[in-house]
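Undergrad: To start, I am sharing the structure in question, which I have written as structure tokens.
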Amino acid sequence: RKGNVIITGASSGLGLATAKALAETGKWNVIMACRNFLKAEKAAKSIGIPKEHCTIMHLDLASLESVRQFADNFRRSGMPLDVLVCNAAVYLPTAKEPTYTAEGFELSVGTNHLGHFLLARLLLDDLKQSDYPSKRLIIVGSITGNTNTLAGNVPPKANLGDLRGLVGGLNGIDTSPMIDGGEFDGAKAYKDSKVCNMLTMQEFHRRYNEETGITFASLYPGCIATTGLFREHIPLFRLLFPPFQKYITKGYVSEEEAGSRLAQVVSDPSLTKSGVYWSWNKNSASFENQLSKEASDAEKARKLWEISEKLVGLA
Ligand code: NDP
């Protein structure tokens, strides 16, 4: 049978390119889990994703109610779940003030981490039940959360501190909207959320890989300087960022190439190792990359897991 893969945030950028790469093979039914149904439908059509290989379902990661509803709706569809890709993200580098999810969590960490954390936990049972030969749960990471790299050292750097803001619920009322309890900084909140994504993947691996045989993985697909992720940035940045990445840092990768990289992590028979953070070198060969000290801190991953469980209502 065809494999069923859910991709969150498949209405643009990396998610859309990955949906296309997988649907085109004819071996996958891609469930595009998107907050804007019409936008997703138009995007799928304009990029040429064959209709018979894709299903669009509503999911707003900035609402835990919507995440639960999505999991119910997916179950009711009767489709088995073989691979889940947590890809969606918001990035608010120019925001002066924090904004919040439906439950009152700061929006970047609330969407990118907490929404995906609940989704992945709810769908873990579905993955377990699938009879697909290679089941996977993939959480898209980023170099920007890794302070062992040049890009990860551009201030403001990711730093979860002692997680005191997260413990308080990131609500900006009686606690800071930032995980480390500091002043709001949109760029840092995004990087922190990516560290959470990479820690979560490893904690899933430690807790469930042996028991379930599911492969848990993360990746840095390269710098896709043209995606909507940078839509909130100042116009001059948006103009100069793609050529800067292309000619100076040489980290630039097209949406199509990045999509084919993520599609590999979904379906390549040689990429079944669990607990791995994949990256690609200049010749586009994949390799197991090293995470920063913080992004591979097992004690922090365990704490993050337990606090997140409480915040999303699982504990
Ligand atoms: P895009 O902005 O193009 O795509 C982000 C997607 O997330 C969009 O489909 C967006 O939906 C969706 N989304 C945002 N908020 C929500 C929400 N509340 N509920 C559901 N979906 C939501 O960015 P990219 O394609 O660049 O980013 C995809 C992933 O790649 C992210 O995890 C990002 O961190 C990662 N990444 C990107 C890099 C880059 O250079 N671009 C580098 C490294 C990692 P909508 O279309 O409705 O806005």
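The values are calculated or read from the model by the stated rules, or taken from the named source; none is laboratory data. Worth saying up front: this structure is predicted, and the values here are computed from it rather than measured. No Cβ is skipped: glycine too gets one built from the backbone with ideal geometry, and neighbour counts run over all protein chains shown. Quick note on the areas: whole protein, heavy atoms, side chains included, nothing else; ligands and nucleic acids left out. Shrake-Rupley method; radii C 1.70, N 1.55, O 1.52, S 1.80 Å.
Undergrad: Any chance you could look up the accessible area of Phe184 with a 1.4 Å probe, heavy atoms only, rounded to 10 Å²?
TA: It works out to around 40 Å².
Undergrad: So what does log10 I(q)/I(0) come out to for the range 233-315 at q = 0.11, 0.12, 0.14, 0.20 Å⁻¹, using the Debye formula with one equal point on every Cα and no solvent?
TA: Debye curve over Cα of the range 233-315, log10 I(q)/I(0) at q = 0.11, 0.12, 0.14, 0.20 Å⁻¹: -0.53, -0.62, -0.79, -1.01.
Undergrad: Next question, about the same structure. How much length would be gained if the chain were fully extended between Gln129 and Lys246, taking 0.36 nm per residue of separation minus their Cα-Cα distance, in nm to one decimal?
TA: Working: separation 117, 0.36 × 117 = 42.12 nm, distance 4.34 nm.
Using 0.36 nm per residue and subtracting the Cα-Cα distance, I get 37.8 nm.
Undergrad: In addition: Got a sec? Charge dipole of the range 186-235, +1 on Cβ for Lys and Arg, -1 for Asp and Glu; which of Tyr220, Phe230, Leu199 is way out at the positive end?
TA: Comparing the listed Cα positions along the dipole, Phe230 ranks first.
Undergrad: For Lys293, give me every one of the lysines with a C-alpha distance below 22 angstrom, ignoring sequence neighbours fewer than eight places off in its own chain.
TA: Lys157, Lys188, Lys191, Lys194, Lys273, Lys303
Undergrad: Give the Rg/Rh ratio for the chain, taking Rg as the radius of gyration of the Cα atoms and Rh as the Kirkwood radius, to two decimals.
TA: Ratio of gyration radius to Kirkwood radius: 0.93.
Undergrad: Moving on to the next point. With viscosity set to 1.306 mPa s at 10 °C, what whole-number translational diffusion coefficient in µm²/s follows for the range 267-313 from Stokes-Einstein and a Kirkwood radius over Cα pairs?
TA: On the way: Rh = 13.2 Å.
The Stokes-Einstein estimate is 121 µm²/s.
Undergrad: Find how much the distance from Asn73 to Thr94 grows on full extension, using 0.36 nm per residue of separation minus their present alpha carbon separation; answer in nm with one decimal.
TA: Numbers: separation 21, 0.36 × 21 = 7.56 nm, distance 3.54 nm.
Roughly 4.0 nm would be gained on extension.
Undergrad: Here's something else I'd like to know. Ignoring ligands, DNA and RNA, what percent of the 1.4 Å accessible area of the range 135-237 is carbon and sulfur?
TA: The C+S portion of the solvent-accessible surface of the range 135-237 is 54 percent.
Undergrad: For Lys300, list the aspartates and glutamates whose Cα falls under 13 Å from its own Cα; do not include residues on the same chain fewer than 8 positions away.
TA: The reachable aspartates and glutamates, counting only those whose Cα sits under 13 Å from Lys300, are Asp162, Asp180, Asp192, Glu203.
Undergrad: Quick one: accessible area per residue over the range 46-192, 1.4 Å probe, rounded to a whole number of Å²?
TA: Working: 5900 Å² over 147 residues.
Per-residue accessible area for the range 46-192 comes out at 40 Å².
Undergrad: Now for a different question. Run the dipole for the range 111-159 about the Cα centre, Lys and Arg Cβ at +1, Asp and Glu Cβ at -1, nothing else charged, and hand back the magnitude in debye, nearest 20.
TA: Here the size comes out at about 140 debye.
Undergrad: Which lysines, on any chain, are close to Lys42 with Cα under 21 Å apart, when same-chain ones fewer than 8 places away are left out?
TA: By straight Cα distance, Lys42 reaches Lys20, Lys51.
Undergrad: Pick out, in residue order, every one of the trypsin sites (Lys or Arg not before Pro) in the range 88-142 that is DSSP loop and has at most 16 other C-beta atoms within 10 Å; say none if there are none.
TA: Lys96
Undergrad: With a point put 7 Å past each Cα toward its Cβ, work out how far Glu24 is from Asn283 in nm, to one decimal.
TA: 2.3
Undergrad: While we're on this one: With contacts defined as alpha carbon pairs under 8 Å and 6 or more residues apart, what's the relative contact order of the chain in percent?
TA: 19
Undergrad: Which value in nm describes the separation of the simple spin-label points at Lys39 and Lys273, placed 7 Å from the Cα toward the beta carbon?
TA: Here the modelled spin labels are 3.7 nm apart.
Undergrad: Now for a separate question. Fully extended, how many nm does the chain gain between Ala315 and Arg1 (0.36 nm per residue separation, minus their Cα-Cα distance)?
TA: That pair, Ala315 and Arg1, stretches by 109.4 nm at full extension.
Undergrad: Next up: What do the square roots of 5 times the Cα gyration tensor eigenvalues come to for the range 180-273, in whole Å, largest first, as semi-axes of the equivalent ellipsoid? Kindly include the intermediate steps, with their values, before the conclusion.
TA: Working: eigenvalues 174, 88, 15 Å².
Over the Cα atoms of the range 180-273, the ellipsoid semi-axes are 29, 21, 9 Å.
Undergrad: Could you state the orientation-averaged shadow area of the convex hull built on the Cα atoms of the range 228-276, in nm² to one decimal?
TA: Computing the convex hull of the Cα atoms and averaging its projections yields 4.8 nm².
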